[in-house]
Amino acid sequence: MRSSNHLIGLLNFLTFLLSIPILGGGIWLSSRANNTDCLKFLQWPLIVIGVSIMVVSLAGFAGACYRNTFLLWLYLFVMFFIIAALIGFIIFAYAVTDKGGGRRLINRSYSDYYLQDYSGWLKDRVASDSYWNKISSCVRDSKVCGKMGVTVNGVPETADMFYRRNLSPIQSGCCKAPTECGFTYNNETVWTSSGGVVSNTDCNLWSNDQSQLCYSCNSCKAGVLGSVKKSWRKVSVINIVILIILVIVYVIGCAAFRNNRRIDNDEPYGQARMTKSQPSHFHL
């Protein structure tokens, strides 16, 4: 009985430790949302799951320490739904970030981003006018474009140096003119139109006004989606590893809990057998 409680207590302590990277992933996404991604609703399910695992693990740990069968049962019951929620969340995160990505360019180290390469619920939400107004304001306030300037020995970088830079999706989509527009490079956020006719409507939306740039462009929306995809794929890999460990811990916990119940049920019977096996004393 004592060894089973020790095992369950150890497992609960392990799940408590596993909740830390899940919660940390949600907080990291939240900081990304405040800086560049600007999608502040996606990280909350992850934070809720991390906090739930932490609280439930503490309850299970207390149940193991104080041999409280109800707390142990509650831990296993709630943990089942938390694992199910984590599975659903991982599937959802992969589903909404499945399509899309940057298009590689000739003689460029960065990629260009196109809204039509993305599809699904997340794309429709980001592309909607009401929501995009909030996102574009967030991207503008993050000053990600204003931080793009680079100097070498006090001299601004040349066009060839800029073309060799690995830009983030938001920098590529929101801060520079789309490559197919054929604009002439002046600096990172100032481009001169060549006056040619192009089919990409973003070319007409581009502005050298530093408060406008390409924040109204579809390429900027695609850049935000590309940034979200990169962030979520990093977090999802960690979540999958943690999920596998949680499932293993949960299965072991169920076995230990069953063993606890069996010992509890067998104990009176064992005591009775011991009583019967004791020799009788006769008094003359």
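Each residue, S207 and I87, gets one label point 7 Å from its Cα in the Cβ direction; the gap between the two is 5.0 nm. Ignoring lysines fewer than eight residues from K99 along the same chain, the ones with Cα atoms less than 19 angstrom from its Cα are K123, K221, K229, K230, K234. Taking trypsin sites (Lys or Arg not before Pro) across segment 139-221, the ones in a DSSP loop with at most 14 further Cβ atoms lying within 10 angstrom of their Cβ are K143, K147, R164. Full extension of the chain segment joining I27 with I240 gains 74.9 nm, where the gain is 0.36 nm per residue of separation less the Cα-Cα distance. One chain, two ends: V198 and I106. Fully extended at 0.36 nm per residue, the span grows by 31.3 nm beyond their Cα-Cα distance.
Here D98 sits with roughly 90 square angstrom of accessible surface, probe radius 1.4 Å. Here segment 145-229 has 48 percent of its accessible surface on carbon and sulfur atoms, given a 1.4 Å probe and all protein chains in place. Shown is the FRET efficiency for V152 and D117, computed with R0 = 35 Å from the Cβ-Cβ distance and rounded to the nearest 0.05: 0.55. Applying 1/(1 + (r/R0)^6) with R0 = 45 Å to the Cβ-Cβ distance of D160 and S137 gives a FRET efficiency near 0.85.
The values are calculated or read from the model by the stated rules, or taken from the named source; none is laboratory data. As the structure is a prediction and not an experimental result, all values here were calculated from the model. Cβ atoms come from the backbone with ideal geometry, glycine included; neighbour counts cover every protein chain shown. Ligands, DNA and RNA are stripped out before the accessible areas are found, and what is left, the full protein with its side chains, is counted by its heavy atoms. Shrake-Rupley method; radii C 1.70, N 1.55, O 1.52, S 1.80 Å.
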